Amino acid sequence: MQNNTFSTLFVGQNLIKLLAVDSTNNFLKRMVSNSEPLPEGTVIMAENQYEGRGQLGSKWHAEPGKNLTFSILLHPSFLSLGDQFNLNMTISVAIQKALLGITGAGLTIKWPNDIYFGHKKMGGMLLENIVTGSRIKACIVGIGINVNQEIFEIVLQQRASSIFQILHQHVDLVALLAEVCSHIEAGYLKLKGGNYEGLRNEYLKSLYQFNVKANYRQNGEIIEGKITDVSENGLLSLETSDGLKTYNFKEIEFIQP
Ligand code: BTN
């Protein structure tokens, strides 16, 4: 176990720093499948993640040495598969809280679990489960946060942001990681305590475009709607001129204003 100065009980206490890796999620998954004895809360962080993976098979780009790309090993065996979205909400709320202390207002969670500043993405997460029967044996929580990156490639410039672009100053990556880990641990312990309703309220309170009329793309068509709720299992409720509709992740796309 590598020592560090995190003031947590377990998240980040075993911190493995890599200079370069394809993907921290892949690395941690390989360790788990090789039955390496890893304590819960183990964090793998990489300075250069050259094949980072995002949601829906997308790629996660992060300039080496400037951003946080890391994965946390959790064992949420207390959660049934049907309750899985609670862990997504827990991690989203924790990251939003940790970053809010640095960037101030303007930081929201875009459903289902992107971190936004204004209308631009500042972070994302990829939770991958290892399931036995109907229980989650292990969850690899992969997190990418744009921290000190000053410029993004042209295709991302309108859609991505970083802490540097907001503060115009650099932030210490390990100190920020410690802050994020501490919020994740606090949220995870609360989740273990079973306060699902409180968690959902916190998530909704921070939700991007909550209760605001905006345009969405659905089946190639643009529709106007207002987000009114996200269900326990992660479905988005949209109030439209045709009534209340619910969507899962792949069924609806946000349109950037
Ligand atoms: C997304 O918003 O599409 C999810 C992005 C998740 C990126 C992180 S970076 C660390 C971890 N390793 C990966 O390959 N992906 C996640």
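Observations on the structure shown:
- Summed side-chain charge close to residue 28 - residues other than residue 28 whose Cβ falls under 11 Å, Lys, Arg +1, Asp, Glu -1: 0
- Near residue 229, the amide H atoms lying under 5 Å from its own belong to 237; only residues 5 or more places off or on other chains count, and H is placed 1.01 Å from N.
- Prolate/oblate/rounded call for the range 213-254, Cα gyration tensor, a/c under 1.5 rounded: oblate
- Under the combined filter of DSSP loop state and at most 16 neighbouring Cβ atoms within 10 Å, the range 176-230 retains none of its trypsin sites (Lys or Arg not before Pro).
- Per-residue [θ]222 nm for the chain (sum of -39500 (n - 2.57) over DSSP H runs n ≥ 4, rounded to 500): -8000 deg cm²/dmol
- With only the Cα atoms considered, the chain has a convex hull volume of 130 Å³ per residue.
- Size of electric dipole in the range 106-250: Cβ of Lys, Arg +1 and of Asp, Glu -1, about Cα centre, debye, nearest 20: 240 debye
- Estimated FRET transfer efficiency (residue 197, residue 105; beta-carbon r; R0 25 Å; 0.05): 0.50
- Nonpolar atom fraction for the chain, defined as the carbon and sulfur part of the 1.4 Å probe accessible area, stands at 50 percent.
- The slack between residue 174 and residue 229, meaning 0.36 nm per residue of separation minus the straight C-alpha distance, is 16.3 nm.
- Largest GNM mean-square fluctuation across 73, 107, 176, computed for the chain with C-alpha springs under 10 Å, falls on 176.
- Gain in span if fully extended, residue 47 to residue 75, counting 0.36 nm per residue against the direct Cα distance: 7.6 nm
- Cross-link partners of residue 205 among aspartates and glutamates (Cα-Cα below 16 Å; sequence separation of 8 or more within a chain): 114, 197, 229, 232
- Maximal additional length on extending the residue 59-residue 237 stretch stands at 61.3 nm, based on 0.36 nm per residue less the C-alpha distance.
- Cα-centred dipole magnitude for the range 213-254, charges only on beta-carbon of K, R (+1) and D, E (-1), debye, nearest 20: 80 debye
- Once the Cβ-Cβ distance of residue 150 and residue 253 is raised to the sixth power relative to R0 = 45 Å, the FRET efficiency obtained is 0.95.
- FRET efficiency for residue 217 and residue 131, using Cβ-Cβ distance with R0 set to 30 Å, rounded to 0.05: 0.40
- Dipole-positive endmost among 14, 154, 69 within the chain (Cβ charges, Cα centre): 14
- Applying a threshold of 19 Å to the alpha-carbon distances of 110/192; 59/137; 190/250; 97/121 flags 110/192; 59/137; 190/250 as lying beyond it.
- Taking Cα centre as origin and charging only the Cβ of basic (Lys, Arg, +1) and acidic (Asp, Glu, -1) residues, the dipole magnitude of the range 15-205 rounds to 400 debye.
- Probe 1.4 Å, protein heavy atoms only - accessible area per residue of the range 15-205 in square angstrom: 42 Å²
- Cα lying deepest toward the dipole's positive end in the chain, options 93, 246, 33, charges on Cβ: 33
The values are calculated or read from the model by the stated rules, or taken from the named source; none is laboratory data. As the structure is a computational prediction, the values presented were derived from the model and not from experiment. Glycine gets a Cβ as well: all are built from the backbone with ideal geometry, and neighbour counts include every protein chain shown. The area values use the complete protein model at the heavy-atom level, side chains included, leaving out ligands, DNA and RNA. Shrake-Rupley method; radii C 1.70, N 1.55, O 1.52, S 1.80 Å.
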